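The values are calculated or read from the model by the stated rules, or taken from the named source; none is laboratory data. Small disclaimer: the values here were computed from a predicted structure and weren't measured. When we count neighbours, we look across all protein chains shown, and the Cβ atoms used for this are built from the backbone with ideal geometry, even at glycine. Calculation scope for accessible area: heavy atoms of the full protein, side chains included, ligands and nucleic acids excluded. Shrake-Rupley method; radii C 1.70, N 1.55, O 1.52, S 1.80 Å.
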Amino acid sequence: MSDLDQHLPRIAAGDPEAFGRWVAGCELRLRASLSSFAARVDIEAVVQETLLRIWQIAPRIEPDGRPDCALRVAVRIARNLAVSELRRVGHAPIAEPIALEAPQEPDPLLRGIIATCRDKLPQQPAAALTERLLHGGVLPDRDLAAHLGMQLNTFLQNITRARKLLAECLERHGIHWESP
Amino acid sequence: MTDRDALVEQVAAAWRPRTSDGEVRAHPAWHDLDDADREEAYRVALRMRRLEAALDPEGLSTTARAVLARIRGVGSSTP
């Protein structure tokens, strides 16, 4: 199992590609560690703010000899951000031990099946999904819908349909995608 | 699609507005959801990010792409 801290020196030197590899390896574990806050805090905003802060403080992160030091720092930052947000809106903090999921290695077979299922999507859901994949983190859905000449609600319906059709296709391949 | 479904789908996307000093803020639609719908949006987002990463040649989700765009000085905060 690879240690994500292998990317730290290059991240600290300001290499966005190395940071991207680190994010690709840790994002889902970071997000999953925040599940208990989901009803009270917008987890997507916390995850993005945490990743930006890790980029800023990377030169000051000192590996402690245990794997994934930077990810553990990220989890602490994320929880502090979530607790701060809870306090800001007057909610009591959530006291829960930090539990990190086991890392998952990329599965080329799974990626291939997902790509095959994507290729089978009808035109409109495929177009909506592609728009999200290309620009979804940078532009709001209203803009993505406008790019495709769709109403916002139609665009969102197509995203939902794409996800459901992909899940059904994966199910036929024995992959239970909709499970948490 | 119900109004509730549309809000959940928007919140499950990776786009987020920013403050004038660059801090990432909650999606405007997130405030219109109740607790159960926020948890549903979280679960949908978890699935979507896995899916996006699996479909991306570099294994990057749209969240990762959003953050990388920020650190490269690209992107929009249009609400």
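Could you compute how much accessible surface A:C169 exposes when probed at 1.4 Å, giving the result in Å² to the nearest 10?
10
Counting partner chain Cβ atoms within 10 Å of every residue's Cβ in B:9-20, what's the average?
Mean number of neighbouring Cβ atoms from other chains: 6.
Highest mean first, what order results for A:51-61, A:23-33, A:73-83 on Cβ atoms within 10 Å?
Packing order, densest peptide first, comes out as A:23-33, A:73-83, A:51-61.
In peptide A:45-55, what is the residue-averaged number of other protein chain Cβ atoms found within 10 Å of each Cβ?
The shielding value for this peptide is 6.
Which order do A:V138, A:V46, A:V89 take when ranked by solvent-accessible area (1.4 Å probe, heavy atoms of all protein chains), largest first?
Greatest to least solvent exposure: A:V89, A:V138, A:V46.
Arrange the residues A:T154, B:T2, A:T160 by how much accessible surface each exposes, largest first, with a 1.4 angstrom probe.
Descending accessible area places them as B:T2, A:T154, A:T160.
Using 0.36 nm per residue, how much length does the chain from A:N80 to A:D119 gain when fully extended, once their Cα-Cα distance is taken away?
Computed gain between A:N80 and A:D119 is 9.9 nm.
Can you give the mean number of other chain Cβ atoms that lie within 10 Å of the Cβ atoms in peptide B:24-36?
What the average comes to for B:24-36 is 3.
Given +1 on the Cβ of Lys and Arg, -1 on the Cβ of Asp and Glu, and no further charges, what dipole in debye does the protein assembly as shown carry about its Cα centre, rounded to the nearest 20?
240
What accessible surface, in Å², does a 1.4 Å probe find on A:D143, ignoring ligands, DNA and RNA and rounding to the nearest 10?
50
Can you pull the percent of chain B's accessible area that's carbon plus sulfur, 1.4 Å probe, other chains left in place?
The value for chain B is 45 percent carbon and sulfur by accessible area.
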